[in-house]
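Working notes for the structure below.
The values are calculated or read from the model by the stated rules, or taken from the named source; none is laboratory data. Since we're looking at a predicted model, the values are computed, not measured. Note that each Cβ is placed from the backbone with ideal geometry, even for glycine, and that neighbours are counted across all protein chains shown.
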């Protein structure tokens, strides 16, 4: 039947279109990755690994005290990692300097990346960090020890009912061939 | 409308096909393939159901009695995956295979060979999923949504699951391409789009949703696979990735997916209710537009699954309002079904009972969905049994009840035999009773704070859990009754009349003999 032939041509064309559409959607799935990163960058969500810009005028709330607890962890890499002080009492707005120390216990060169985590979670809105070892990957030669500073300000805008905050870092090993965080 | 064309009668030579197992392996006939889809999905339903029985047996009492926590987690994970991808989705594709060509007057599906292939991928994927219980480390255990980091840390079972999802996705995409092409290109003369039965409309829209989101699922599981084995860091924070991004991409697939599982059931119910109300479907065109609106809205609400994952308030508000908006087209549908029944000369055979049960219980599930959409409440009930109750009301008493309605409705057309009406009614009432016994109390458990995916619980939850488990065992046993009804219908059911449902108006009832011949509509019917 002629109809069948017409149909099979039209069907083949439709199949092609739908396959192309399927492929486009597969690529779209991957395109969501850079889109997500760009979206977070533009909206300022997830801005954990880039230095903040120092405000021109800095007001220090000398009436108020905040306790900061420093926490350090490693996951899956042969390092020792600790802050040189476990806590600090500061005024909001005051610039704070803390030293951390990492030691590579193994006999091989290891590349690590630190990822910060804050408690309470919305501390990141009020935490301005100017210098941090987490902004780049860290390469440690066998048995090497390194001391690294973190410099930041907790802004006076932090809700008044917060008296203690925790700043935590976890070092992860970067497998070979993996670049450090893009931002 | 009585113009049954001669072709359908007495052409024995048309029915020649290989016999025995080769018939089923090599078949390209949409009816054979539909049958295989339905049996396959029922087998998977029993496997997934067995896992559910294990879960409910463990939760019968507080404490750990039967399943160690690791195995319990594998049970909940595989229960979800098998029911979603192995039971509900293939069952609807089975209905599409049987019914779409019959309802639009087409001789078969557009790509018969590919149709065979898309079915035979399924047993392969099912084997991967089920066998993953027996590999070192056991099956995937991070929940059916396989969020990283659990899914990047799991063992071989997770890899088997990833491959199974790839294969199931490929099968779904092929099936959808087939269905779209069949519906758009192979309708009988005169069957305009706006004359198509609602079941065909809902499947057309569902198939578009499938080709829209299944490739995204394929992408996200591929990212998971490369994160696990090839050193990428899509979801690994240490490498600059973000586990929350997985949730966004997964639910970009996952929310349309829940509509993929419910739209065809809207279609089945929209066929059954007019038939047994002996009235045309009320508001046909508004039904079409409502289905399309639901499909479009389903693509912009995904983050309501992630209100507690961290999101700006503006985002929460957007996803909350967009989600609540879906209640509008859904409400249009419920209104139309009710209006169809209004002043109809109704009768209550089993398909109708399941359809009315569907409306009643699906509305409860819909309302608890609106409640979950409200951000402050969702933050409270996230990952509790309230959510479990909600989605079982839409998936079991929604999708599954509609599948039962469709099976009872079309089995006379498929086999030429009637099922046992008395037993069918028993099946409905027992399902209705035990379903509510199982899941209604889970609302209370969730509101009281019982978390999901945990094998043990606080003593305060003991009574409701015992009630829920008893209900689940009853519900599980009741489905064996369904199996018995279907087998005895196929083997020794009474011969069905040519048109057992006098209110039916679609082509398979008006233009084909009962049972439908192996080859139907080789000459297309003329639709006026």
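Data overview
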{"item": "Selected residue [part of a helix (DSSP H, G or I), in contact (Cβ under 8 Å) with a residue 24 or more places away in the chain, crowded, with 17+ Cβ neighbours inside 10 Å and over 22 Å from the mean Cα position of the chain (by Cα)] from B:406, B:446, B:398, B:424", "result": "B:446"}
{"item": "Verdict on residue B:115 being within 11 Å of chain A (Cβ to nearest Cβ), at pLDDT 95 or above, surrounded by 17 or more Cβ atoms within 10 Å (Cβ to Cβ) and not in a loop (DSSP other than H, G, I, E, B)", "result": "no"}
{"item": "Of all residues in segment B:233-284 being in a helix (DSSP H, G or I), at the interface with chain A (Cβ under 9 Å from one of its Cβ atoms) and out of contact with any helix residue (DSSP H, G or I) (no Cβ under 7 Å at 6 or more places or on another chain), the one that is nearest to residue B:192 (Cα to Cα)", "result": "B:239"}
{"item": "The listed residue being surrounded by fewer than 13 Cβ atoms within 10 Å (Cβ to Cβ), facing chain B (nearest Cβ under 8 Å) and modelled with pLDDT of 85 or more, out of A:19, A:23, A:32", "result": "A:23"}
{"item": "Members of segment B:285-299 found to be more than 14 Å from every other protein chain (Cβ to nearest Cβ) and either more than 30 Å from residue B:341 (Cα to Cα) or out of contact with any helix residue (DSSP H, G or I) (no Cβ under 7 Å at 6 or more places or on another chain) (or both), listed by number", "result": "B:289, B:296"}
{"item": "Meets criteria (more than 27 Å from residue B:173 (Cβ to Cβ) and either without any contact (Cβ under 8 Å) to a residue 40 or more places away in the chain or buried (at least 22 other Cβ atoms within 10 Å of the Cβ) (or both)) for residue B:232", "result": "no"}
{"item": "Hey, residue B:274 touching a residue at least 40 places away in the same chain (Cβ under 8 Å), buried (at least 24 other Cβ atoms within 10 Å of the Cβ) and closer than 23 Å to residue B:169 by Cα or not", "result": "no"}
{"item": "Flag if residue B:155 is touching a residue at least 60 places away in the same chain (Cβ under 8 Å), out of contact with any helix residue (DSSP H, G or I) (no Cβ under 8 Å at 6 or more places or on another chain) and more than 10 Å from chain A (Cβ to nearest Cβ)", "result": "no"}
{"item": "Which numbered condition residue B:511 fails, given (1) surrounded by 21 or more Cβ atoms within 10 Å (Cβ to Cβ); (2) within 23 Å of the chain's Cα centre (by Cα)", "result": "(2)"}
{"item": "Residue A:75, sole failed condition from (1) more than 21 Å from residue A:161 (Cα to Cα); (2) modelled with pLDDT of 90 or more", "result": "(2)"}
{"item": "When residues of segment B:449-464 are limited to those that are in contact with a helix residue (DSSP H, G or I) (Cβ under 7 Å, 6 or more places away or on another chain) and in contact (Cβ under 8 Å) with a residue 60 or more places away in the chain, the one farthest from residue B:371 (Cα to Cα)", "result": "B:455"}
{"item": "Residue B:494 more than 25 Å from the chain's Cα centre (by Cα), modelled with pLDDT under 95 and closer than 30 Å to residue B:415 by Cβ", "result": "no"}
{"item": "Filter result (in contact with a strand residue (DSSP E or B) (Cβ under 8 Å, 6 or more places away or on another chain) and closer than 15 Å to residue B:46 by Cβ) within segment B:60-98", "result": "B:78"}
{"item": "Condition check for residue A:64: in contact (Cβ under 8 Å) with a residue 24 or more places away in the chain, loosely packed, with under 13 Cβ neighbours inside 10 Å and over 30 Å from residue B:248 (Cα atoms)", "result": "no"}
{"item": "Failed item in (1) closer than 22 Å to residue B:377 by Cα; (2) part of a helix (DSSP H, G or I), with residue B:311 passing the rest", "result": "(2)"}
{"item": "Output for segment B:58-78, where each listed residue is buried (at least 16 other Cβ atoms within 10 Å of the Cβ) and assigned to a helix (DSSP H, G or I)", "result": "B:58, B:71, B:72, B:73, B:74, B:75, B:76, B:77, B:78"}
{"item": "Qualifying residue in segment B:485-508 (condition: closer than 30 Å to residue B:110 by Cβ and in contact with a strand residue (DSSP E or B) (Cβ under 9 Å, 6 or more places away or on another chain))", "result": "yes"}
{"item": "Which listed residue, of B:46, B:81, is buried (at least 20 other Cβ atoms within 10 Å of the Cβ), modelled with pLDDT of 90 or more and in contact with a helix residue (DSSP H, G or I) (Cβ under 8 Å, 6 or more places away or on another chain)", "result": "B:81"}
{"item": "Among the residues listed as B:151, B:131, the single one being more than 20 Å from the chain's Cα centre (by Cα), over 21 Å from residue B:93 (Cα atoms) and surrounded by fewer than 17 Cβ atoms within 10 Å (Cβ to Cβ)", "result": "B:131"}
{"item": "Matching residues, segment A:36-49, being loosely packed, with under 13 Cβ neighbours inside 10 Å and more than 9 Å from every other protein chain (Cβ to nearest Cβ)", "result": "A:38, A:42, A:44"}
{"item": "Check on residue B:258, farther than 30 Å from residue A:75 by Cβ and surrounded by fewer than 23 Cβ atoms within 10 Å (Cβ to Cβ)", "result": "yes"}
{"item": "Residue under evaluation residue B:225, criteria (1) more than 12 Å from every other protein chain (Cβ to nearest Cβ); (2) over 29 Å from residue A:135 (Cα atoms), criterion not met", "result": "(2)"}
{"item": "Which numbered condition residue B:370 fails, given (1) farther than 22 Å from residue B:277 by Cβ; (2) in contact with a helix residue (DSSP H, G or I) (Cβ under 9 Å, 6 or more places away or on another chain); (3) without any contact (Cβ under 8 Å) to a residue 24 or more places away in the chain", "result": "(3)"}
{"item": "Within segment B:294-305, tally of residues that are buried (at least 17 other Cβ atoms within 10 Å of the Cβ) and farther than 22 Å from residue B:379 by Cβ", "result": "4"}
{"item": "Residues that are facing another protein chain (nearest Cβ under 10 Å) and either over 30 Å from residue B:269 (Cα atoms) or touching a residue at least 40 places away in the same chain (Cβ under 8 Å) (or both), drawn from segment B:208-220", "result": "B:208, B:210, B:212, B:213, B:214, B:215, B:217, B:218, B:219, B:220"}
{"item": "Count of segment B:158-198 residues which are away from chain A (no Cβ under 14 Å) and within 16 Å of residue B:226 (Cβ to Cβ)", "result": "5"}
{"item": "Wholly enclosed strands (runs of 3 or more DSSP E) of segment A:97-141 bearing at least 2 residues closer than 26 Å to residue B:235 by Cα, away from chain B (no Cβ under 13 Å) and within 19 Å of the chain's Cα centre (by Cα)", "result": "A:127-131"}
